[in-house]
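K.L.:
Sharing a structure, written as C-alpha cells. Questions coming.
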C-alpha cells in the first residue's frame with residue numbers, strides 16, 4: 001500500500017474509533033441513574049399500592065429501616081434472573097432490619113402468574129405506570145429495568161443501580177446503609 005493510501009486508511013480508521021468512543025461515552029452518560037447519593041426518598045412514603053394478593057401496601061410502613069427497592073417486570077430477563085438473589089438477601093437480612101420491596105412495572109395478571117411459579121418472601125407492589133414515574137423521581141431517567149435503589153433508615157438514597165444486581169453489590173450496599 002502506498003503512503004497516501006495508508007495515511008487515508010489510518011485517518012478513516014482513527015475517525016471511526018473516535019466516533020465509537022464518543023458514542024459509547026454519550027450512551028453511558030444517558031443511561032446513568034441521575035441524582036446524587038444522599039437525596040431523600042420522600043416520593044416513596046406517600047404511596048399506597050395494590051399487592052398481587054389484592055391487599056394494599058402503604059409504603060410508609062417500610063420507613064425507618066434500610067430498604068432495597070427493586071423496579072422489575074416479568075418480561076425483563078435480568079429482572080427475573082435477580083429475583084431469587086433478592087429473595088435470599090431479604091430472608092438473610094430481614095431479622096437485622098432490612099426491608100426489600102419489589103415494584104412491578106407490569107400487568108397485575110402477569111405478576112400474579114409469575115409469583116405463583118416463583119414466589120418471593122418480600123412484599124411486591126403493583127406499580128404499573130405510576131412505578132415508572134416513581135422510578136424517574138428516584139433517579140431512573142431512562143425508565144430502564146431492572147432499577148434498584150437503596151434507602152437508609154433515615155430515608156436517604158445511598159445507592160442506585162441500573163441493571164442486574166450482584167451478590168458483591170448487595171454486600172457492599174448492606175455495609176454502607178447499615179442495619
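K.L.:
Exactly one of (1) outside any loop (DSSP other than H, G, I, E, B); (2) on the phi > 0 side of the Ramachandran plot is unmet by residue 54. Its number?
P.N.:
Residue 54 satisfies every listed condition except (1).
K.L.:
Okay, next question. I'd like the full set of residues that are within 18 Å of residue 134 (Cα to Cα), touching a helix residue (DSSP H, G or I) at 6+ places or on another chain (Cβ under 7 Å) and touching a residue at least 60 places away in the same chain (Cβ under 8 Å), limited to region 51-67.
P.N.:
Result: 59, 63.
K.L.:
Can you find a residue in region 133-155 that is more than 12 Å from the chain's Cα centre (by Cα), assigned to a loop (DSSP other than H, G, I, E, B), at pLDDT 95 or above and farther than 20 Å from residue 40 by Cβ?
P.N.:
no
K.L.:
For region 106-124, state whether one or more residues are in the same structural domain as residue 168 (by TED's automatic domain parsing) and on the phi > 0 side of the Ramachandran plot.
P.N.:
No, region 106-124 has no match at all.
K.L.:
Is it the case, given these coordinates, that residue 97 is buried (at least 18 other Cβ atoms within 10 Å of the Cβ) and either on the phi > 0 side of the Ramachandran plot or at pLDDT below 95 (or both)?
P.N.:
Considered against the rule, which asks whether it is buried (at least 18 other Cβ atoms within 10 Å of the Cβ) and either on the phi > 0 side of the Ramachandran plot or at pLDDT below 95 (or both), residue 97 comes out as no.
K.L.:
Same structure, new question: Would you mind stating whether residue 131 is touching a residue at least 12 places away in the same chain (Cβ under 8 Å) and surrounded by fewer than 15 Cβ atoms within 10 Å (Cβ to Cβ)?
P.N.:
Working: touching a residue at least 12 places away in the same chain (Cβ under 8 Å): yes; surrounded by fewer than 15 Cβ atoms within 10 Å (Cβ to Cβ): no.
No, not satisfied.
K.L.:
Oh, and also: For residue 117, state whether it is surrounded by 15 or more Cβ atoms within 10 Å (Cβ to Cβ), farther than 25 Å from residue 174 by Cβ and without any contact (Cβ under 8 Å) to a residue 24 or more places away in the chain. Outline the logic, then answer.
P.N.:
Values: surrounded by 15 or more Cβ atoms within 10 Å (Cβ to Cβ): no; farther than 25 Å from residue 174 by Cβ: yes; without any contact (Cβ under 8 Å) to a residue 24 or more places away in the chain: yes.
So residue 117 fails the test.
K.L.:
Let me ask something additional. I'd like to know if region 97-108 contains one or more residues that are farther than 17 Å from residue 148 by Cβ and touching a strand residue (DSSP E or B) at 6+ places or on another chain (Cβ under 8 Å).
P.N.:
Filtering region 97-108 down to residues farther than 17 Å from residue 148 by Cβ leaves 97, 107-108.
Subsequent filtering for residues that are touching a strand residue (DSSP E or B) at 6+ places or on another chain (Cβ under 8 Å) retains 108.
The answer is yes; a qualifying residue exists.
The values are calculated or read from the model by the stated rules, or taken from the named source; none is laboratory data. Quick caveat, the model's predicted, so the values are computed rather than measured. A quick note on method: Cβ atoms are made from the backbone with ideal geometry, for glycine too, and the neighbour counts reach across all protein chains shown.
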